[in-house]
Amino acid sequence: MFKIRKETYKFTGRSHSLKGIVSAVTGGVGIVSILVLFILSGVYRGNGSILFGAGGMLLFALTVTGFILGVKACTEKEIYYTAPITGMVANGILSIILFILYIMGLFI
């Protein structure tokens, strides 16, 4: 009636990298933080305080740190690469977006 799943065995010594997990969590925190900054900037109609700019710069430093942690995690042996690659992609995209916003703020 019900299909019983066969027991699975794990023959590999792989584990999840702590640096990779921290990188992925940093990417998630970065995404939520940038969305909050965008919403608050819209609420203040672009006339927010300097704290928004400081928050953006801290967020840029956080995403660069998360990207570097993801790269370092990929150099480790016998790990699962899901978390480091997810963290590198999320932090890389956020770093590019924040860098473009910073450059636009210099010229506009």
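The values are calculated or read from the model by the stated rules, or taken from the named source; none is laboratory data. Here the structure is a predicted model, which is why all the values come from computation and not from measurement. Positions of Cβ are generated from backbone atoms using ideal geometry, with glycine treated the same way; all protein chains shown enter the neighbour counts.
Give the residue that is surrounded by the most Cβ atoms within 10 Å (Cβ to Cβ), with candidates limited to residues of the stretch 59-73 that are over 11 Å from the mean Cα position of the chain (by Cα) and closer than 12 Å to GLY92 by Cα.
Among those residues, the one meeting the criterion is VAL71.
Could you tell me whether any residue of the stretch 49-58 is out of contact with any Gly (no Cβ under 8 Å at 6 or more places or on another chain), polar (S, T, N, Q) and at pLDDT below 90? Scanning the stretch 49-58 turns up at least one residue that is out of contact with any Gly (no Cβ under 8 Å at 6 or more places or on another chain), polar (S, T, N, Q) and at pLDDT below 90. Of everything in the stretch 1-48 that is modelled with pLDDT under 90 and charged (D, E, K, R), the residue that is nearest to THR82 (Cα to Cα) is ARG14.
Within the stretch 22-42, if we keep just the residues that are closer than 30 Å to LYS77 by Cβ, among the β-branched types (Val, Ile, Thr) and buried (at least 18 other Cβ atoms within 10 Å of the Cβ), the residue that is farthest from the chain's Cα centre (by Cα) turns out to be VAL22.
In the stretch 68-100, of all residues being assigned to a loop (DSSP other than H, G, I, E, B) and not charged (D, E, K, R), the one that is nearest to ILE31 (Cα to Cα) corresponds to TYR81.
Does GLY56 satisfy the criteria of being in a helix (DSSP H, G or I) and loosely packed, with under 14 Cβ neighbours inside 10 Å?
Here the answer is no, as GLY56 does not meet what is asked.
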